[in-house]
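One structure is given here, and the rest of the page talks about it.
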Amino acid sequence: MATTIFKAIPDNRAEARREADGGAGAQAGGRTGAQAGATRTLPAGLDGVVERLGRGRRILFAPGPGDVEGTWRRWRAGEDDPGIAALAYSAQVYELAARLGASLEVRTEAPPTADAPRDATDPVAFAHLPARAGSGAGHHLRQIRHAFELAREARRTGAELVICQRFLGHFWPLAAARLGGTRLVISLHNGFWPAHRGPNRLERAIGALNGLALRLAGARVICVSEAVREQALRIGLRAEAVDVHIPQYAEPWRDAWTPRLPDRPLRRLVYAGRIEADKGVFDLLGAFAGLARAHPELRLEFLGAGSKLEALREAARAAGLEGRADFAGHLPGDALRARLADADLLVCPTGPGFSEGLAKTPIEAALLGVPALLSDGVPCAALLAGATETFRAGDAADLEARIAALIAAPARLAAMNAAAERLRERFFDRRLGLGARLALAADAAFEGRRTSPARSLATEPPVRAAAG
């Protein structure tokens, strides 16, 4: 796997401490008193980038699904979004816009909240521009139309910069915005095809068109994982235009890790996520059924909701697993974290047909000290080397065998737990987070230059980010 390339940001820890104390650095950063309670995601050392980008930019932001307006209201009130374990991607965009003194037009997939209080001086405005669902050829036509709609919105609003976090599939029509002088930064949170295989003929054709258009438009692309970065390079984007970010977490997560004794047995398996067939939940239930008779102490808990929840419950009943396989449904953040912390092993069985961009739940498990078993279609394994093991996606027999091996060797779980402690610093290094990478990408897009110098994650020293 290629080494992740990270552009350098100065390590100015003294300035970070001044900002945390509310000194001159905080005022220069453009944060109001209300916003100062939320966790800072932009590191010290970006002043030169902010100065080059200038004040008063007009930005069009197209986020993915989720309550980004709710995140905005919490961020404005000085709070992190409690419904999201990691620091919200949209909150990092809001902080960057505030640092730049920019006006931000947000085009949401969910309708804006009608009764949300509005401030006439508010630099952030929300409007509904949903992606259109479909299947077959109609799906592709709707994606193309939606990308053109975003390009028209950029022209209509006079946006100087588009930040697109929405996975369009067909990104090439968005390049039309460049004809009006708009710069493009694409934040890819999904792969173009499943990580464990190469592209099919249609995916290659769409990828080639995306790569050509985005390259000609001078777009910068920030990927959620190394696997997605490799796909971005494969469709023809230049290496200097493609970056990777790492999810960031608030300071309380830093102290969440707990050690695991070498002889502690594996008794509790947990799945946390959407209950859908392509997420591999039926493979996991089948593997558990194969282990249940020989291991009466073993329990499995599904944390999450989805369209296949009732079908999965029925399958568990049919397999005689009532009382052994539990279904908690959707849980709020604190409750989910508590259930995850009690697990002996997180299982992330994403199937071979699902294009996973990263998967953050195994990261959160690692921060808690919980080992994880992942299918080979889950890209976050590259960030968690030693803290996870993998099995073949879609192969319930291989999954069963891997769980059985871990039951027989509890010391392996303790070793994975110890590896997780060694890896955690990168999830608190704000230079590697989305906000910092967006700032650098926008700077490069406006300057029309290559990004340099480059450093690998292995050689770039970590920063203990100041809490807000």
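Please treat every number below as a calculation from the coordinates, not as lab data. Keep in mind it's a predicted model, so treat the numbers as computed, not measured. Neighbour counts are summed over all protein chains in view; Cβ atoms, including those assigned to glycine, are modelled from backbone coordinates with ideal geometry.
Taking a sphere under 13 Å around the Cβ of residue 310 and counting the other residues whose Cβ falls inside, with K and R at +1 and D and E at -1, yields a net charge of +1. Under the convention that each Lys and Arg Cβ holds +1 and each Asp and Glu Cβ holds -1, the size of the dipole of the chain around its Cα centre is about 1200 debye. 3J(HN,Hα) along segment 207-224: x, 4, 5, 4, x, 5, 5, 5, 5, 5, 7, x, 5, 9, 10, 10, 9, 7 Hz, from the Karplus curve 6.51 cos²θ - 1.76 cosθ + 1.60 with θ = phi - 60°, whole Hz, x for Gly and Pro.
Going by a ≥ b ≥ c, the root eigenvalues of the Cα gyration tensor, does segment 354-435 fall in the rounded group (a/c under 1.5), the prolate group (a/b larger than b/c) or the oblate group? The shape class here is oblate. Once you have a ≥ b ≥ c as the square roots of the Cα gyration tensor eigenvalues for segment 222-285, tell me rounded if a/c is under 1.5, and otherwise prolate or oblate according to whether a/b is larger than b/c. Oblate. Residue-wise HN-Hα couplings along segment 376-386, as the Karplus relation 6.51 cos²θ - 1.76 cosθ + 1.60 with θ = phi - 60° gives them from phi, are 6, x, 10, x, 5, 4, 5, 7, 10, 4, x Hz; Gly and Pro carry x.
Between 0 and 90 degrees, the angle of helix 396-408 with respect to the longest Cα principal axis of the chain falls at about 70 degrees.
Does segment 105-254 classify as rounded, prolate or oblate by the C-alpha gyration tensor (a ≥ b ≥ c root eigenvalues; a/c under 1.5 gives rounded; else a/b over b/c gives prolate, otherwise oblate)? Verdict is prolate for segment 105-254. If both residues of a DSSP beta bridge must be in the chain, then about 5% of such bridges are antiparallel. Dividing the mean sequence gap of close Cα pairs (under 8 Å, 6+ apart) by how many residues the chain holds gives a relative contact order of 20 percent. In plain terms, the residue of 90, 135, 355 with the fewest other Cβ atoms within 10 Å comes first and the most crowded comes last, giving 135, 355, 90. With the helix formula -39500 (n - 2.57) applied to DSSP H stretches of n ≥ 4, the chain reaches a computed 222 nm mean residue ellipticity of -11000 deg cm²/dmol. Distant-in-sequence amide contacts of residue 391, defined by a placed amide H-H separation under 5 Å and a gap of 5 or more residues or a different chain, comprise 374, 375, 376. Normalising by residue count, segment 256-425 has a Cα convex hull of 101 Å³ per residue.
Principal-axis analysis of the Cα atoms of the chain puts helix 281-292 at an angle of about 30° to the longest axis.
Hey, what do the phi angles of segment 340-348 turn into as Karplus ³J(HN,Hα) couplings, whole Hz, using 6.51/-1.76/1.60 and θ = phi - 60°, x for Gly and Pro? Karplus values, whole Hz, x for Gly and Pro: 5, 5, 7, 6, 8, 7, 8, 10, 10. Exposure proxy for 308, 279: other Cβ atoms within 10 Å of each Cβ, ordered fewest to most, give 308, 279.
As an equivalent ellipsoid, the chain spans semi-axes of 37, 26, 21 angstrom, where each value is the square root of five times an eigenvalue of the C-alpha gyration tensor, largest first. Relative contact order of segment 256-425: 30 percent, from C-alpha pairs under 8 Å at least 6 residues apart in sequence. The mean sequence separation of alpha-carbon pairs under 8 Å and at least six residues apart, normalised by the residue count of segment 105-254, gives a relative contact order of 16 percent. With neighbour counts taken as other beta-carbon atoms within 10 Å, the residues 223, 164 rank, fewest first, as 164, 223.
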